[in-house]
Structure formats: C-alpha cells, structure tokens
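The next block holds one structure in the form of structure tokens; read it before the comments.
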Amino acid sequence: MTQLIDGKKISAEIKEELKEKVAQLRAAGKEVTLAVIQVGNDPASTVYVGNKKKACEFIGIRSLAYELPEETTEKELLDLITELNQRADVNGILVQLPLPKHIDEDKVIKGIDPAKDVDGFHPQSVGALCIGQPGFLSCTPAGIIQLLKRSGIEIAGKQCVVIGRSNIVGKPMSLLLLRENGTVTVAHSKTQNLKEITKRADILVVAIGKPKFLTADYVKEGAVVIDVGIHRDTQNKLCGDVDFESVAPLCSAITPVPGGVGPMTIAMLMNNCVESVL
C-alpha cells in the first residue's frame, strides 16, 4: 500500500509548533517581523504573497508588506532593502521572485543582509550549507527533508536521486540529502541514460519543471517519490512533474500535487523567520 505523504498535515503541525515558539518569544518581549517585498502584480506572486501573510498572521509573526509598482527602479528596490537591513525591528526580508526584467535578481539577493535572508538564497547562506555551517536553508528543500523525517522515511545510507539542478531546489536539495547521510546523484537535462539512474533511487526528488515528465518506467518498486513541480494539465487541473497515476502504485511513499511539497515551503519560511530571532 502506497503511503501518501500529506504536506498539508505536516505543514500544519510545524505551524502549530512555531505558533507556540512565537508566543514564548512574545512573553519574553521579543517580536518576530518579516518584511515582504513584491514588485509588479504577477498573479502567481500575488497568491504566494497572500499565503505568506496568512501564515504570518496564524503564527503571530508581524508582517510588513511593500507592494511596489512594476516600474520601480533597481536602485529604489535596493535602497528599500538597505533601509530594512538597518532596521532593528525587522528580522527577515523576503523579495518575491520573479522580478521585472529590468531588475537584476542576483544583485537584489546579494543586497539582503545574510542575517535576514529568510529565503536562504544569499551566496553566504548557500556557502554555509555547502560546508556544513549554520545558516538559513532554502525553504523548499528544507521542507522536503521535514516531509521525509516526519513520515518516518530513513535517508541515511539510501540512494537519493535529484532530477534538476536549480539554485532554488536542485542544488540545495542534494546538499541537504548529503547532510542527512544519503548517497546523492544529481541528474539534469544533459544527463544520459536517465532511466537507469532514476531506477536505482530509493528516494527520488523530481524538480525538472515539465508536467507529468516522470512515468512508471523511471521508478523502481518501493521507491519514495517527491514531486516538486506544479503545473496545469490540458484539463486545467493541477499536476506535478510526476505522472501520479502511473507512478504511485509502484512507490512505498509519494507526495501528491497539490498538497505535498507546496505547503511545506511556506512552513519552512515561517521557521526561518522564527530562527532569525532565536
């Protein structure tokens, strides 16, 4: 029987734990504050920002919203980040990506004080992860580790394959699995004999950005499959990078889309905000 890994349930547990921590911090006279900056009104970004605000409200984190027009200049955005870096009452700064074309995302990420980089994207945060030092973890990969651990899935000694090498998911995911003593292979668009590699995986993380790309012939029986993708199929229904119908019967455990990895990203962002004060 395939175990369905319930991201909604696990993220709700984490938020409840954080709510308690925030109440304790408040009792000790400490407030947790997250500043969220959105430039332009990309519909998906607006939904994400709304969800982040709701999560802050539930946990007791004060959130400051900066909704800037599309034509905001790079300098204006960097000036706002500098001001927030200097504010003692702001613990975390999040700039919602993607940014409009005329703004250099790399420059903006580097502009955030690493001590307030709750997204875990700053080169210093990524470098700390590489060499095993403390720092903020990229939220989606950190959420996947929690999904595995809280579902009783052992990582140590397992063959782990990550499909995708993005800076936001693939690379930090491989480092976190390594940190948990997994044996890690990273596959990507130039990988040859992909099926041979994925069929060796005890834990398979799919972050390739192609709807229903991963079919049953990529998966060995009893594997754990984590689907990071989110798309709309031809019937306008949400789906992931994994062809769930064909893959699920083979797995010992699998994440659904929606309700798998997605809710964990925001839960771990909230966790980073709380960590910034502790």
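FYI, it's all coordinate maths here, none of it is from the lab. Everything numeric in this text was worked out from a predicted model, so none of it was measured. No Cβ is skipped: glycine too gets one built from the backbone with ideal geometry, and neighbour counts run over all protein chains shown.
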### Task
Could you list, in their original order, any pairs among Lys195/Lys220; Lys110/Lys210; Lys9/Lys30; Lys8/Lys149; Lys54/Lys101 whose Cα atoms are separated by more than 19 Å?
Lys110/Lys210; Lys9/Lys30; Lys54/Lys101
### Query
How do 3-10, 85-92 rank on mean C-beta neighbours within 10 Å, highest first?
3-10, 85-92
## Note on the structure
Residues meeting the amide H criterion for Gly182 (H placed from the backbone, H to H distance under 5 Å, 5 or more places apart or on another chain) are Gly157
### Task
Would you calculate the separation in nanometres between label points at Thr2 and Lys101, each defined as 7 Å from the Cα along the Cα-to-beta-carbon direction?
4.1 nm
### Task
Show me 226-233, 47-54 ranked by packing, highest mean number of other Cβ atoms within 10 Å first.
226-233, 47-54
### Task
For the stretch 62-177, build the charge dipole from Cβ charges (+1 Lys, Arg; -1 Asp, Glu) around the Cα centre, then report which of Gly111, Ile93, Ser125 sits farthest towards its positive end.
Ser125
### Task
Run down the aspartates and glutamates and flag those whose C-alpha is under 18 Å from the C-alpha of Lys237, throwing out any fewer than 8 positions away in its chain.
Asp227, Glu245
#### Entry: Rounded to 5, percent antiparallel among DSSP beta bridges of the chain
5 percent
### Query
Which of Gln235, Phe136, Ile10 sits closest to the plus end of the dipole of the chain, meaning its Cα is farthest towards the positive end, when Lys and Arg get +1 and Asp and Glu get -1 on the C-beta?
Ile10
#### Entry: Long-range HN-HN contacts of Gln3 with modeled amide H, under 5 Å
Ala253, Ile254
### Task
Provide His122, His102 in ascending order of the number of other Cβ atoms located within 10 Å of each residue's Cβ, fewest first.
His102, His122
### Query
Which value, in debye to the nearest 20, describes the size of the charge dipole of the stretch 137-278 about its Cα centre when Lys and Arg Cβ atoms bear +1, Asp and Glu Cβ atoms bear -1, and nothing else is charged?
280 debye
#### Entry: Residue-wise HN-Hα coupling along the stretch 139-155, computed from phi with Karplus coefficients 6.51, -1.76, 1.60 (Hz; x: Gly, Pro)
5, 5, x, 4, x, 5, 4, 5, 4, 5, 4, 6, 9, x, 9, 6, 9
#### Entry: Label-to-label distance, nm, for residues given as Gln159 and Thr46 (7 Å Cα→Cβ offset)
4.7 nm
### Spatial separation of Cα centroids for the stretch 233-266 and the stretch 1-72, in angstrom
23 Å
### Query
Calculated from DSSP H runs of 4 or more alone, at -39500 (n - 2.57) each and per residue, what is the 222 nm mean residue ellipticity of the chain, nearest 500?
-12000 deg cm²/dmol
#### Entry: Degrees, to the nearest 10: 74-86 long Cα axis against longest axis of the chain
80 degrees
### Task
Along Cα→Cβ, 7 Å out, is where each label goes; now give me the distance between the ones at Lys210 and Leu238 in nm to one decimal.
2.4 nm
### Query
Which ³J(HN,Hα) values, rounded to whole Hz and listed in residue order, are derived for the stretch 262-267 from phi using the Karplus coefficients 6.51, -1.76 and 1.60 in 6.51 cos²θ - 1.76 cosθ + 1.60 with θ = phi - 60°, glycine and proline given as x?
x, x, 6, 4, 5, 4
### Summary
Of 199-211, 143-155, ordering from highest average Cβ density within 10 Å down gives 199-211, 143-155
### 5 angstrom amide H check on Val205, placed H, neighbours 5+ away
Val161, Val162, Ile163, Ile226
